[in-house]
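Enquirer: One structure coming up, written as structure tokens, with questions to follow.
The values are calculated or read from the model by the stated rules, or taken from the named source; none is laboratory data. All values reported here derive from a predicted model rather than from experimental measurement. Glycine also receives a Cβ, built like all others from the backbone with ideal geometry; neighbour counts cover every protein chain displayed.
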Amino acid sequence: MTVQELEKQVQGQKVHQIRCGNHRFIDITIVATEGRFFVRQYKFGKRSWYHAFLEHPGGAMKVGDVEVAIDGVVPTDLDEINPRVNKAYRKLLGLIYPAMRLTYDTKKHEASTLELIPKSL
């Protein structure tokens, strides 16, 4: 599978799955932009998937039946990429996304952006 094929699959679904290490898969929305893949945290608990990736970045993403090994890391260009990630969420989720943005702290939410970097494509 190529990055472009994975990006097309991600863009064709609203619910995907990720896991850190050997933990269980959890449902999440992954967005794709410019051949890169991103997730954001909505709930900010101390023992979250976000913190697990920060401690141990290795994991997997699942899109349909396709499982891809990943590293989940904070993008080095976070400030530059966040507007494109916002646009990707708006495109994927439509009217749901602006409504969601009314219910959370935008800066905190955007600061929790993780990039999912495929290891084997």
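Enquirer: Take the stretch 48-70 and flag every residue that is touching a residue at least 12 places away in the same chain (Cβ under 8 Å), of a type outside the set (A, V, I, L, M) and not in a loop (DSSP other than H, G, I, E, B).
Expert: Listed by number, the residues that qualify are W49, Y50, F53, G58, G59, K62.
Enquirer: Another question about this same structure. So the check is Cβ under 8 Å with 6+ separation or different chains; which pairs have a first residue in the stretch 71-92 that's within 16 Å of V31 (Cβ to Cβ) and touching a residue at least 60 places away in the same chain (Cβ under 8 Å) and a second one that's surrounded by 13 or more Cβ atoms within 10 Å (Cβ to Cβ) and among the acidic types (D, E)?
Expert: none
Enquirer: Here is a check on your reading of the model: is Q13 within 22 Å of H109 (Cβ to Cβ) and at pLDDT below 95?
Expert: Answer is yes for this residue.
Enquirer: Could I ask something else about it? When residues of the stretch 1-25 are filtered for being within 12 Å of the chain's Cα centre (by Cα) and hydrophobic (A, V, I, L, M, F, W, C), how many remain?
Expert: The number of residues fulfilling the criteria is 3.
Enquirer: Follow-up. Output the number of the condition that G94 fails; it satisfies all remaining conditions of (1) modelled with pLDDT under 90; (2) under 23 Å from S120 (Cβ atoms); (3) among the small types (G, A, S).
Expert: The one condition G94 does not meet is (2).
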